[in-house]
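The values are calculated or read from the model by the stated rules, or taken from the named source; none is laboratory data. The shown structure was predicted, so the numbers you read here are calculated from the model rather than taken from an experiment. Positions of Cβ are backbone-derived with ideal geometry, glycine not excepted, and every protein chain shown enters the neighbour counts. When the accessible area is computed, the model is the full protein with side chains, heavy atoms only, and any ligands, DNA or RNA have been set aside. Shrake-Rupley method; radii C 1.70, N 1.55, O 1.52, S 1.80 Å.
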Amino acid sequence: MRKIAILGSTGSIGTQTLEVVRANGDIQVTALSAGRNIRLLEQQIREFCPRLAAVWDEADARSLRTAVADTEVRIVSGMEGLREVASCEESSLLVTAIVGMIGIVPTIDAIRAGKDIALANKETLVTAGHIIMPLAKEYGVKILPVDSEHSAIFQALNGENAKQIDKILLTASGGPFRGWNREQLKAVRVEDALKHPNWAMGQKITIDSASMVNKGLEVMEARWLFGTELDQIQVVIQPQSIIHSMVQFTDGAVIAQLGTPDMKLPIQYALYYPQRRFLAGERLDFAKIGSISFENPDPETFRGLAYAFEAAETGGSMPTVFNAANERAVSKFLARKIGFTDIYEIIRFCMDGHRVIEDPDVQQILDTEQSVYEIIESRW
């Protein structure tokens, strides 16, 4: 029986991971972690019977200990709690469904403990890919992508020689504002940005998709995951979200992974790799679809994509600045403190003012994140 731990079990990816576990019945959940959704975490503890569960705040941990006192679960808190979940002795795979750079240190712990990583935490590779990928190689663990696009690339490469990649074609839906101009974007409300045309996701990633910052983050991830150069990654708008990404090889052949927009597919593929399992749900009906269309992205309007390529090209600590600035800007947009296009302005300002650290260690990455937050709070 496979044994897994989950960081971020109450979020969108975490809850869908548990849906996959529930549907298959042959995975044991050994440890869970959550932020503040204690009520849902209690339900998960009672259903999946982990031996360990972590929450961020110790006051929440005390409440949860009281609520689940009739079970055998042990409740821990804070960063040490997350690290304990990540390196839980009984598990062989860690699902990193947590949001933010808070996931870096626990992921490193899990790798050092010999756990394979089902990676749904973008920030881990965006800001620390130069640390994570060599470490995974050193410890002989697999990094199994959970993002639909990276899973599609991973599947397209199955059985192929990654050294023969000519180009990665990273697809994007274009989000709810595809075809809009800058002036139109200025009037975007939170409610508008949260209406993704194809995918049901958490709030932060939905806003990132609307701004196309998410695609920029995925470019940075793909570079580390598949060992390519930036100029080998091309973003293509595919509005129907049927082709999840493609790989072009040196002989000109292109292999694509297609499917309905259902995150449970890449989650299940990562959990059972290299096996495939039955997954209930809608299947593609190509006659009904009729056609699949493609467009070039508009980086002049959706500036987050251009800024991401710039940050990745600069390297060092600049991707951390890009990520942290966006993270805090999105938080302010969701709180209705700034406008939608202010997200781009904040990212630009923080990148322009940063002195790059060439090869940052984990502490320098986290310090850079904190300094970006302080700059933003002082001005917005």
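Among the trypsin sites (Lys or Arg not before Pro) found in the stretch 286-374, those both in a DSSP coil and sparsely packed, with 10 or fewer other Cβ atoms within 10 Å of their Cβ, are 336, 355. Within a straight-line Cα-Cα reach of under 13 Å, residue 186 can be paired with the following aspartates and glutamates, leaving aside sequence neighbours fewer than 8 residues apart in one chain: 342, 345. Across 16, 234, 275, mean-square fluctuation computed from a Gaussian network of the chain (C-alpha pairs under 10 Å connected) peaks at 275.
Secondary-structure-derived ellipticity at 222 nm for the chain, considering helices only, amounts to -14500 deg cm²/dmol, per-run term -39500 (n - 2.57) for DSSP H runs with n ≥ 4. Here the stretch 75-233 is treated as a sphere whose radius is the Kirkwood value from Cα pairs; by Stokes-Einstein at 20 °C and 1.002 mPa s it diffuses with a coefficient of 126 µm²/s. Quick one: check the C-alpha center-to-center distance for the stretch 64-118 versus the stretch 296-314, whole angstrom. Distance between centres, Cα-based: 34 Å.
The mean sequence separation of alpha-carbon pairs under 8 Å and at least six residues apart, normalised by the residue count of the stretch 137-273, gives a relative contact order of 40 percent. Per residue, the accessible area of the chain comes to 43 Å², computed with a 1.4 Å probe over protein heavy atoms only. Share of carbon and sulfur in the accessible area of the chain stands at 47%, probe radius 1.4 Å. Counting heavy atoms of the protein chains alone, residue 246 has an accessible area of about 20 Å² for a 1.4 Å probe.
Distances between placed amide hydrogens fall under 5 Å for residue 32 paired with 6, 52, 53, 54, all partners being 5 or more residues away or on another chain. Note on surface exposure: 224, 56 rank 56, 224 by accessible area, highest first, 1.4 Å probe.
Considering the chain at the alpha-carbon level, its Rg and Dmax are found to be 20.2, 62 Å. Mean silhouette area of the stretch 261-354, derived from the convex hull of its C-alpha atoms and averaged over all directions, reads 10.1 nm².
The GNM of the chain, with springs linking C-alpha atoms under 10 angstrom apart, assigns the highest mean-square fluctuation among 314, 96, 301 to 314. The magnitude of the dipole of the chain, with charges of +1 and -1 set on the Cβ of Lys/Arg and Asp/Glu and taken from the Cα centre, is near 880 debye. Each of 373, 274, 217 was placed along the dipole of the chain (beta-carbon charges, centred on the mean Cα), and the one lying farthest toward the positive end is 274. Accessible area of residue 63 (1.4 Å probe, protein heavy atoms only, ligands and nucleic acids ignored): about 70 Å². Per-residue surface analysis assigns residue 186 an accessible area of about 120 Å², computed on protein heavy atoms at 1.4 Å probe radius.
Look at where the Cα atoms of the stretch 26-58 and of the stretch 238-282 average out, and the two centres are 29 Å apart.
What translational D, rounded to a whole number of µm²/s, comes out for the stretch 1-73 from Stokes-Einstein when the hydrodynamic radius is the Kirkwood one over Cα pairs, at 37 °C and 0.692 mPa s?
On the way: Rh = 12.2 Å.
Estimated via Stokes-Einstein, D reaches 270 µm²/s.
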